[in-house]
Amino acid sequence: MQSWIDPEHQALTKGATKALKDNAVHNRSGLPPFRLPQVAQQILTELLHFLSTGDTGPALSLGEKLGHQGLGLRALLGLSRALVREVLARLPGTAPEALEQVARVNDYLTLLVDAVAEKERREIGVQRDEMQLALESAIQNRESELRRIILELSTPIMPVYDHIVVLPLIGKIDAERAARITEFLLRAVVERQVHTAILDVTGVPAVDGEVVAALVRTARALELLGAHPVLVGIRPEIARALSEHSVDLAGIVVLSNLQSGIVYALRREGLEVSSSPLSQRRSTHGYRGR
């Protein structure tokens, strides 16, 4: 076979170059068009080696190398079809030996195609994994942002008077939300120069040991910043939870409802709270400074 193909080497290389250029659009940017004649030469040189030795290793290595350089699978398939046609046109006769020669050329081209296909498969797998990771990261970041917004909306800090704020707690409190509550409240204490911070747990449906411990930690953190913690909205079941967990509430004022908490805070600011005839009729209360 090699003795037959040697004289045709230049013509086959020229045909392979043309086929590669015709299919250059299917290559990746890493393989510029000016390198295609060199690629065609490599393919034909390795074809001669395969026909003379039958060694498949170099053919597979070349296919992987070309795939790494950017040779596209569709471009290689186009080259394979063109090269087989060239070989059929230049074979000396149609004897069984000639058909065997075509089969061996086809075997060689199949090795190249398999190697390039495997290279593309691995690259597609890597790209898929990278896209999956990027998507998961984007979803996680979005979920984190939505969770942050929800936490901010669920922990509104309401100023009711100079140096007095109320934090109405509504819904279930877990460890993450408890940490966020403490963070928001401590920030507000510093920014607003808060003297009294009222934590209203009226809207908390259930209180367990974790919630109790979180509330106490928040109250102790407020004290470290010089703010006076007041816990209001204590229902019987909450009082029972505080008692069952032997919670140390020393220094923490505990009142039954938000109204009493606000009155207490106002009085700490030196304001005297009293009822007027009009407010008594409307069941409202006012205050006046001393």
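The values are calculated or read from the model by the stated rules, or taken from the named source; none is laboratory data. Note that the structure is a prediction, hence the values are computed from the model and not measured. Please note: Cβ atoms are built from the backbone with ideal geometry, for glycine as well, and neighbour counts cover all protein chains shown. The area values use the complete protein model at the heavy-atom level, side chains included, leaving out ligands, DNA and RNA. Shrake-Rupley method; radii C 1.70, N 1.55, O 1.52, S 1.80 Å.
Applying a threshold of 7 Å to beta carbon distances and a minimum spacing of six or more residues, or different chains, the list of pairs starting in the range 119-131 at a residue that is within 13 Å of LEU73 (Cα to Cα) and ending at one that is part of a helix (DSSP H, G or I) and not small (Gly, Ala, Ser) reads LYS119/GLU64; LYS119/HIS68; GLU120/LEU73. A single entry from HIS195, HIS163 fulfils the requirement of being open to solvent by 10 Å² or more (accessible area, probe 1.4 Å) and on the phi > 0 side of the Ramachandran plot: HIS163. Name the one entry in VAL230, VAL189, VAL194 that is touching a residue at least 24 places away in the same chain (Cβ under 8 Å), in a loop (DSSP other than H, G, I, E, B) and closer than 19 Å to HIS163 by Cα. VAL194 is the lone residue from the list that is touching a residue at least 24 places away in the same chain (Cβ under 8 Å), in a loop (DSSP other than H, G, I, E, B) and closer than 19 Å to HIS163 by Cα. In the range 141-158 there is no residue matching the filter, namely being surrounded by fewer than 16 Cβ atoms within 10 Å (Cβ to Cβ), of a type in the set (Gly, Ala, Ser) and at pLDDT 80 or above.
Among residues of the range 1-16 being among the polar types (S, T, N, Q) and open to solvent by 20 Å² or more (accessible area, probe 1.4 Å), the one that is nearest to GLY72 (Cα to Cα) is GLN10. Evaluate the range 169-177: report whether one residue or more is closer than 15 Å to LEU249 by Cα and either at pLDDT 90 or above or surrounded by fewer than 22 Cβ atoms within 10 Å (Cβ to Cβ) (or both). No, the range 169-177 contains no residue that is closer than 15 Å to LEU249 by Cα and either at pLDDT 90 or above or surrounded by fewer than 22 Cβ atoms within 10 Å (Cβ to Cβ) (or both). Looking only at the range 198-227, residues that are assigned to a strand (DSSP E or B) and open to solvent by 10 Å² or more (accessible area, probe 1.4 Å) come to 3 in all. Filtered by the rule that a residue be part of a helix (DSSP H, G or I), open to solvent by 50 Å² or more (accessible area, probe 1.4 Å) and under 11 Å from LEU112 (Cα atoms), the range 42-95 gives LEU60, SER61, GLU64, LYS65, LEU77. Selection over the range 104-129 of residues that are at pLDDT below 85 and aliphatic (A, V, I, L, M) gives a count of 2.
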